[in-house]
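Chemist: If you scroll down you'll find the structure; I have some questions about it.
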Amino acid sequence: MADRWEELEKRCQNCRECSLCETRTNVVFGVGSRTAEILFVGEGPGAHEDEQGVPFVGKAGQLLDDMLAIIGLDRTMVYIANIVKCRPPQNRDPLGVEQDACIGYLREQVTLLRPKLIVCLGRIAAMRLIREDFKITREHGQWVKKGDFELMAMYHPAALLRDPARRPDAFEDLMSLREKVRAVCEHTPLPEKL
Ligand code: URA
């Protein structure tokens, strides 16, 4: 299994399937436990992630860490990846062609990881992984079963930084995630108390 992860990461690191390879500093493959039961998926790297080659290391990443900590999770207990592995210039939304060129890597990550739960961080990931016309304001926090796993979307931490009024909704969604982890995850122990 380790070999398959290494082979996939190497292929991804050398990828030139779309024009984002021209402007990237680093490919941001993913981080966390390769046996995690929970996968978080963002949209794509920002400037800090591009510099460091690690997802969610900027301000939004700090908030993501804080959100995980609320329910007793940390980066070593989950896996974190993005829809596109290279930074879109000026942090624009990744284009459809860029997502199409890159989504195969995420699919292979899911095949190797076999997570029980997939949490989409924000609208872009939800529209790609749950439903093309997904409405984050209306449908965040709702669980959907697809094949072997269950998915839900939460507000992207960057959206929560921009609009703190959405934080109570994000807290509710975290509580729902905590309940789901308790119900379906076998080796992700969460503390009894918040
Ligand atoms: N935003 C994302 O969607 N992904 C990252 O890795 C960082 C910020």
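Chemist: Is it the case that some residue within segment 84-98 is within 16 Å of the ligand (Cβ to nearest atom) and over 25 Å from GLU22 (Cβ atoms)?
Modeler: First pass over segment 84-98, keeping only residues within 16 Å of the ligand (Cβ to nearest atom): 84-95, 98.
Now narrow it down to the ones that are over 25 Å from GLU22 (Cβ atoms): none.
Scanning segment 84-98 turns up no residue that is within 16 Å of the ligand (Cβ to nearest atom) and over 25 Å from GLU22 (Cβ atoms).
Chemist: Can you tell me which residues in segment 39-57 are farther than 19 Å from ASN14 by Cα, more than 6 Å from the ligand (Cβ to nearest atom) and out of contact with any Cys (no Cβ under 7 Å at 6 or more places or on another chain)?
Modeler: Once the filter is applied, which keeps residues that are farther than 19 Å from ASN14 by Cα, more than 6 Å from the ligand (Cβ to nearest atom) and out of contact with any Cys (no Cβ under 7 Å at 6 or more places or on another chain), segment 39-57 yields LEU39, PHE40, ALA47, HIS48, VAL57.
Chemist: Within segment 45-69, take every residue that is closer than 24 Å to ILE130 by Cα and touching a His at 6+ places or on another chain (Cβ under 8 Å) and give me the one that is least open to solvent (accessible area, probe 1.4 Å).
Modeler: Per the stated criteria, the residue is GLY61.
Chemist: Sticking with this structure for a sec: Is it the case that some residue within segment 150-157 is of a type in the set (Ser, Thr, Tyr), open to solvent by less than 80 Å² (accessible area, probe 1.4 Å) and more than 17 Å from the chain's Cα centre (by Cα)?
Modeler: No, the conditions are met nowhere in segment 150-157.
Chemist: While we're here: Criterion first (touching a strand residue (DSSP E or B) at 6+ places or on another chain (Cβ under 6 Å), among the hydroxyl-bearing types (Ser, Thr, Tyr) and crowded, with 21+ Cβ neighbours inside 10 Å) does TYR105 satisfy it? Step through it out loud before you land on a result.
Modeler: Numbers: touching a strand residue (DSSP E or B) at 6+ places or on another chain (Cβ under 6 Å): no; among the hydroxyl-bearing types (Ser, Thr, Tyr): yes; crowded, with 21+ Cβ neighbours inside 10 Å: yes.
No; evaluated as a whole, the condition is false for this residue.
Chemist: For the structure I just gave you, tell me whether ARG114 is closer than 25 Å to ASP93 by Cβ, at pLDDT 95 or above and open to solvent by 80 Å² or more (accessible area, probe 1.4 Å).
Modeler: Values: closer than 25 Å to ASP93 by Cβ: no; at pLDDT 95 or above: yes; open to solvent by 80 Å² or more (accessible area, probe 1.4 Å): yes.
No: the conditions fail for ARG114.
Chemist: Being within 16 Å of the ligand (Cβ to nearest atom) and within 24 Å of GLU132 (Cβ to Cβ), is that true of even one residue in segment 19-28?
Modeler: yes
Chemist: Residues of segment 12-34 being open to solvent by 80 Å² or more (accessible area, probe 1.4 Å) and in contact with a helix residue (DSSP H, G or I) (Cβ under 8 Å, 6 or more places away or on another chain), which ones?
Modeler: GLU17, THR23, THR25
Chemist: Give me the strands (runs of 3 or more DSSP E) completely within segment 69-182, filtered to those with at least 2 residues that are without any contact (Cβ under 8 Å) to a residue 12 or more places away in the chain and among the aromatic types (Phe, Trp, Tyr), ordered by residue number.
Modeler: Of the strands (runs of 3 or more DSSP E) lying wholly inside segment 69-182, none has at least 2 residues that are without any contact (Cβ under 8 Å) to a residue 12 or more places away in the chain and among the aromatic types (Phe, Trp, Tyr).
Chemist: Within the group GLY72, GLY42, which residue is of a type outside the set (A, V, I, L, M, F, W, C), open to solvent by 10 Å² or more (accessible area, probe 1.4 Å), closer than 20 Å to TYR155 by Cα and in contact with a Leu (Cβ under 6 Å, 6 or more places away or on another chain)?
Modeler: So the residue among GLY72, GLY42 that is of a type outside the set (A, V, I, L, M, F, W, C), open to solvent by 10 Å² or more (accessible area, probe 1.4 Å), closer than 20 Å to TYR155 by Cα and in contact with a Leu (Cβ under 6 Å, 6 or more places away or on another chain) is GLY72.
Chemist: Just to be sure, is ALA125 open to solvent by less than 70 Å² (accessible area, probe 1.4 Å), at pLDDT 95 or above and closer than 19 Å to PRO88 by Cβ? Steps first, answer last, please.
Modeler: On the way: open to solvent by less than 70 Å² (accessible area, probe 1.4 Å): yes; at pLDDT 95 or above: yes; closer than 19 Å to PRO88 by Cβ: yes.
So ALA125 passes the test.
The values are calculated or read from the model by the stated rules, or taken from the named source; none is laboratory data. Bear in mind that the values here come from a model prediction, so they are computed numbers and not experimental data. Methodologically, a virtual Cβ is constructed for each residue, glycine included, from the backbone with ideal geometry; neighbour enumeration extends over all protein chains shown. We work out accessible area using only protein heavy atoms, side chains counted, and drop any ligands, DNA or RNA first. Shrake-Rupley method; radii C 1.70, N 1.55, O 1.52, S 1.80 Å.
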